Amino acid sequence: MLSATTASTATTATTASTVGAAINTAATDTASQDRFMTLLVAQLKNQDPMSPMDNAQMTSQMAQINTVTGIEKVNSTLKSMASQFTAMQVLQGSSMVGRDVMVESNTLTRRDGLGGGAIDLSGKTDSIKVDILSPGGQVLETFNMGAQDAGRHYFDWDSSRYTGTGDPSFRVAATLAGQAVASTSLARDAVLSVGSENGAMTVQLQGRGPVAYERIKAIL
């Protein structure tokens, strides 16, 4: 559970980041306006005296700089909102730490002598054959999950006798009346921590590297 101290620290960091973004935005706007005024003054100084810039031209150029400045402010606001949203996601995601999740993968993470997985079926089957494979692709064990309806179906493989190095994987052959039924493989893993990378929330799992939050299919 997120402690009060951690939440306070995160809030302070978010506030500081927001203030810094606002200062940077103001500086950028001022620099853009300064560049515009410099160019406008140079244009006025070097204009043809016989054909000076009229009020309509000057008004048009002023409108252009206002439009550009407005767009920059909108973009800066959106970036700030996205950053704050990611920070909020990470804070909320901290409740996942220590929980088991299902991630789209066919690589099994072994814990307490078991390797947990699941299969998402697109339709009904009369046979599901699951092969457990060594890292080199050798079949270690095969079992049949029988007839199943469409949806998610879990399994646990007894890995206590596995003595190889590296994590085993599994492959699925689901059929109905001899015709293949599409399926998606899921693996069970534990959440060690959550964070962010390039503005997106990431989840560090025990048996694999960090994965994007979008790859988490279920929290158990």
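The values are calculated or read from the model by the stated rules, or taken from the named source; none is laboratory data. Here the structure is a predicted model, which means the values were calculated and not measured. Here the Cβ positions follow ideal geometry from the backbone for every residue, glycine too, while neighbour counts run over all protein chains shown. To get the accessible areas, we keep the full protein, side chains included, count just its heavy atoms, and leave off ligands, DNA and RNA. Shrake-Rupley method; radii C 1.70, N 1.55, O 1.52, S 1.80 Å.
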(request) Name, by its number, the condition in (1) modelled with pLDDT under 95; (2) open to solvent by less than 60 Å² (accessible area, probe 1.4 Å); (3) within 26 Å of Ile219 (Cα to Cα); (4) assigned to a loop (DSSP other than H, G, I, E, B) that does not hold for Ser160. (result) (2)
(message) Please go through region 164-203 and give me each residue that is assigned to a strand (DSSP E or B), open to solvent by less than 60 Å² (accessible area, probe 1.4 Å) and without any contact (Cβ under 8 Å) to a residue 40 or more places away in the chain, ordered by number.
(response) Thr202
(request) Select from region 139-157 the residues that are outside any loop (DSSP other than H, G, I, E, B) and under 15 Å from Gly123 (Cβ atoms) and write down the one among them that is most open to solvent (accessible area, probe 1.4 Å). (result) Arg152
(message) Is it the case, given these coordinates, that Ala118 is over 25 Å from the mean Cα position of the chain (by Cα), open to solvent by less than 80 Å² (accessible area, probe 1.4 Å), aliphatic (A, V, I, L, M) and at pLDDT 95 or above?
(response) no
(message) What are the pairs with Cβ atoms under 6 angstrom where one residue, in region 136-150, is of a type in the set (A, V, I, L, M, F, W, C) and the other, located anywhere, is surrounded by 10 or more Cβ atoms within 10 Å (Cβ to Cβ) and not in a strand (DSSP E or B)? Sequence gap at least six, or different chains.
(response) Leu140/Ser134; Ala147/Asp126; Ala150/Gly123; Ala150/Lys124
